[in-house]
1. Kindly check whether there is at least one residue in the range 110-119 that is open to solvent by 40 Å² or more (accessible area, probe 1.4 Å) and of a type in the set (Gly, Ala, Ser).
2. Restricted to the range 120-147, and to residues that are open to solvent by 60 Å² or more (accessible area, probe 1.4 Å) and in a helix (DSSP H, G or I), which residue is modelled with the lowest pLDDT?
3. Within the range 22-119, which helices (runs of 4 or more DSSP H) (wholly inside it) include 2 or more residues that are modelled with pLDDT under 85 and closer than 23 Å to residue 143 by Cβ?
Amino acid sequence: MTEQPQQPATLPLTAANPGTGFSQPEYNFYDAVGGHNTFVKLVDVFYDGVAGDPLMRPMYPEEDLGPAKERLLMFLEQYWGGPKTYGEQRGHPRLRMRHMPFQVTPAARDAWLKHMRTAVDALGLAPLHEATLWDYLDRAAHSMVNSA
């Protein structure tokens, strides 16, 4: 019996591996940008801005922003190829459904993007990494708008 050469595994299509239809070496965006510490900084800087924003702060009903920070951190880490903690603890993200109780207006989207832009800029990422991260965050913010 002749042994067949093994084909390289094709990675699932995710943010960590956007895919081209061809087998490719494993690439992990999460690790490439610095892993946990990078995403902690992103979330910390973002929520520093949210804490003082009169439009954004009321959208976070908990007195302490800590639980919201933890949820965003877990979500972003999982999305970009890090730990799967978000899914293990909260299940499927269902982002639009989870944001429905809040009036996410174009003004709220713009405020969210302003604080997230500050956070992304604070990371000092390589241009390609910065553009990749920002593209996702910008598209996600626009998709959350649910009120005029």
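The values are calculated or read from the model by the stated rules, or taken from the named source; none is laboratory data. Fair warning: this is a prediction, and the values are worked out from it, not measured in the lab. We place every Cβ from the backbone using ideal geometry, glycine too, and count neighbours over all the protein chains shown. Accessible surface is based on the protein model in full, side chains and every heavy atom, while ligands, DNA and RNA are left aside. Shrake-Rupley method; radii C 1.70, N 1.55, O 1.52, S 1.80 Å.
1. Of all residues in the range 110-119, those open to solvent by 40 Å² or more (accessible area, probe 1.4 Å) come to 110, 112, 114, 117-118.
Of the ones still in play, those that are also of a type in the set (Gly, Ala, Ser) are none.
For the range 110-119, residues open to solvent by 40 Å² or more (accessible area, probe 1.4 Å) and of a type in the set (Gly, Ala, Ser): absent.
2. In the first step, residues of the range 120-147 are kept if they are open to solvent by 60 Å² or more (accessible area, probe 1.4 Å); the result is 121, 124, 127-128, 135, 139, 142.
When the remaining residues are screened for being in a helix (DSSP H, G or I), the result is 121, 127-128, 135, 139, 142.
Working: 121: 98, 127: 97, 128: 97, 135: 97, 139: 95, 142: 92.
Looking at the filtered set, the residue picked out is 142.
3. On the way: elements: 29-32, 36-51, 66-79, 85-90, 95-99.
Where helices (runs of 4 or more DSSP H) fall fully within the range 22-119 and carry at least 2 residues being modelled with pLDDT under 85 and closer than 23 Å to residue 143 by Cβ, they are 85-90, 95-99.
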